[in-house]
Amino acid sequence: MVDKLAILGGEPVRKDKIFYGKQCIDEHDVEAVVKALTGSAITCGPYIDELENKLCKITGAKYAVAVSNGTAALHIACLALGIEEGDEVIVSSITFAASANCVRYCGATPVFADIRPDTYNIDVEDVKRKITDKTKAIVAVDFTGQATELDELRKICKEHNLYLIEDAAHSIGTKYNGQPVGSIADITTFSFHPVKTVTSGEGGACTTNDPKIYKRLALFRSHGITRDQSVMQNESHGPWYNEQVMLGYNYRITDFQAALLISQLDKLERFSNRRKEIKKMYDAAFGEMPELYLQTTIPESDTTQHLYIIRLNSDKLSCTRREFFEAMSAEGIQPQVHYLPVYRHSYYENLGYKKGLCPVAEATYETIMSIPFYPALTQSEIDDVIKAVKKIVEYYRK
Ligand SMILES: *Cc1c(COP(=O)(O)O)cnc(C)c1O
C-alpha cells in the first residue's frame with residue numbers, strides 16, 4: 001500500500017511549509033548589527049576594512065572589495081577587466097541571470113557554454129569550442145557550491161590570453177585541491193544574499209591577487225572617485241581634494257551589513273560542516289533510489305554545499321517534473337528550480353539566442369529541483385523532506 005499523496009487529498013507530510021533556503025541569524029549577529037549602528041560611522045566606516053581583511057583571510061586572496069550585492073561584484077569584475085562592446089565572454093548556461101547580465105551591462109556579448117550532465121558545472125570542452133578572437137573572459141560558476149574545474153579553465157585562459165571570473169556566489173568556504181575558492185581565479189565574486197551560505201541581507205565581494213585589478217575594483221565601487229594621489233591625473237588642491245578619474249558607481253555596502261557579515265563569517269566553518277552533514281543524510285536516503293539521479297562530486301572540490309538538487313529519472317517515474325514539484329509543495333516541502341538556462345529568458349531570446357544552444361543544460365533544466373537545504377534545518381525537518389520525496393517516488397514509480 002502506498003500512501004495517498006497530499007495533492008490527491010491525502011495527509012501532507014507536514015503542515016507548515018519549509019523552503020529551499022533560509023538565513024541562519026542568531027543573537028550574536030543581532031548584537032553585532034546593533035553595535036555597528038550605534039558606532040561612529042554607519043557607512044564607509046571601520047567595519048568595511050575589517051570585513052575585507054576577514055574575506056582575505058578566509059579565501060587566501062591578497063585583496064577583497066566588499067560591495068552592495070553579488071551582481072554589483074560581477075559588474076565591477078567585468079569593468080575592472082576592461083570588458084566592453086565588441087568583446088565576447090563565455091558564461092555557464094545554468095546559473096542565475098546575473099552571471100551573464102554583468103557582461104551585458106558592459107555592452108559585451110555573453111556566449112553560453114553547455115554544462116556537464118553529471119556535475120552541472122561548465123563543460124570545459126564546450127568552452128574550448130566557443131572561443132573566438134573576440135573572447136576576452138570566462139565567467140564560470142561554482143554551481144551548488146562545488147568548485148568548477150579551475151585547473152582546466154586556468155590552463156585554457158593562459159593558452160588563449162583570457163581572464164577567468166569565478167562566480168562563487170554559491171561556494172564561499174569551498175576548497176579546490178586544498179586551496180580556498182577566492183584565491184584562484186583572476187577575480188572571484190561572492191554574494192551574501194540571505195539564501196547563500198553567509199549573509200549580510202544584501203551584499204557581495206570581489207577578491208583578487210592582482211594589485212592593479214584591486215585598484216580598479218575599488219574605484220568602480222565608489223563613483224571612480226579617489227583620494228589616492230598616485231591614481232589622480234591632476235595636482236591635489238588641498239586636504240579636501242578628491243578626484244573622479246573614471247565613471248564608477250555607488251556599489252558600497254554599509255557598516256552594519258559588514259558587521260553582520262563578519263559575525264556570520266565567524267560561523268562559516270560550523271555552517272559548512274552542518275551543510276556537509278545534511279548532504280550526507282540526503283545522499284544516503286536518495287542514493288539508493290534508481291528513480292533519482294544525484295549530482296556527481298569531483299574529488300578536487302571540498303565542497304560547502306549551497307543547493308541540494310535531485311534530478312528525476314524519467315524512465316522510472318510516471319510523473320512529469322511539474323507534477324513531482326507540485327506534489328512536493330502539497331506535502332509541505334517547497335522546492336525551487338535552479339535554473340532556467342539563462343538564454344531561455346525572454347530578454348535573451350529577444351536578443352536572438354535560440355533554444356537548442358546548450359542541449360545538456362536544457363535537458364537538465366527539465367528534470368531538476370532543489371529541495372530544502374540550509375544549516376538551520378532540524379532533524380525532523382530533514383526527515384520530513386526525505387519522507388516526502390520517498391512518498392512521491394513510491395507513488396509514481398513505474
Ligand atoms: C545569488 C547569485 C548571484 C547574484 O547575487 P546577488 O547578491 O543576489 O546580486 C550571482 N550569481 C549566482 C550564481 C547567484 O546564485
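Numerical summary
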quantity: Volume per residue that the Cα convex hull of the range 315-398 spans, once the total is divided by residue count, Å³; calculated: 115 Å³
quantity: Extension reserve of the residue 28-residue 53 stretch, reckoned as 0.36 nm per residue once the Cα distance is removed; calculated: 7.0 nm
quantity: Radius of gyration and Dmax over the Cα atoms of the range 202-257, both given in Å; calculated: 12.6, 37
quantity: Once the Cα gyration tensor of the range 354-398 is diagonalised, semi-axes √(5λ) in Å; calculated: 29, 17, 5
quantity: Sorted largest first, extent of the range 1-117 alpha carbons per principal axis (Å); calculated: 62, 47, 25
quantity: MRE, 222 nm, helices only [DSSP H, n ≥ 4, -39500 (n - 2.57), over the chain, to nearest 500]; calculated: -11000 deg cm²/dmol
quantity: Straight-distance crosslink candidates among lysines, where the alpha carbon sits under 22 Å from residue 130 and sequence neighbours closer than 8 are dropped; calculated: 155, 158, 354, 355
quantity: Relative contact order [Cα under 8 Å, 6+ residues apart], the range 29-99, whole percent; calculated: 18 percent
quantity: Estimated Rh, the range 118-191: Kirkwood, alpha-carbon pairs, angstrom; calculated: 12.3 Å
quantity: At q = 0.13, 0.16, 0.20, 0.22 Å⁻¹, base-10 log of I(q)/I(0) for the range 175-286 (Debye sum, equal scatterers on each alpha carbon); calculated: -0.69, -0.92, -1.17, -1.26
quantity: Reachable aspartates and glutamates, given that their alpha-carbon falls under 16 Å from the alpha-carbon of residue 128 and they are not under 8 places away in the same chain; calculated: 88, 114, 149, 151, 152, 159
quantity: Under 25 Å between alpha carbons - lysine pairs in the range 179-321 that sit 8 or more apart or on different chains; calculated: 9
quantity: Alpha-carbon centroid distance for the pair the range 77-124 / the range 166-226, whole angstrom; calculated: 16 Å
quantity: Descending semi-axes in whole angstrom, ellipsoid equivalent of the range 191-231, from the Cα gyration tensor; calculated: 26, 12, 6
quantity: Stokes-Einstein diffusion coefficient of the chain, Kirkwood radius over Cα pairs, 20 °C, 1.002 mPa s, in µm²/s; calculated: 97 µm²/s
quantity: Amide N of the range 186-219 lying under 14 Å from the label point, which is placed 7 angstrom from the Cα of residue 345 along Cα→Cβ; calculated: none
quantity: Computed label-point distance, nm, for sites residue 326 and residue 35 using a 7 Å Cα→Cβ extension; calculated: 5.1 nm
quantity: Whole-Å distance, taken between Cα centres, linking the range 28-72 and the range 1-22; calculated: 41 Å
quantity: At 0.890 mPa s and 25 °C, Stokes D of the range 148-241 from Kirkwood alpha-carbon radius, µm² per second; calculated: 158 µm²/s
quantity: Segment residue 268-residue 97, length gained on full extension (0.36 nm per residue, minus Cα span); calculated: 59.0 nm
quantity: Convex hull volume of the range 67-195 per residue (C-alpha atoms, cubic angstrom); calculated: 95 Å³
quantity: Alpha-carbon spread of the range 55-121, three principal axes, descending order, Å; calculated: 34, 33, 19
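Computed from the coordinates by the stated procedures, all read-outs in this text should not be read as laboratory data. Source: prediction; values computed, not measured. Every residue, glycine as well, gets a Cβ built from its backbone with ideal geometry; the counts of neighbours run over all protein chains shown.
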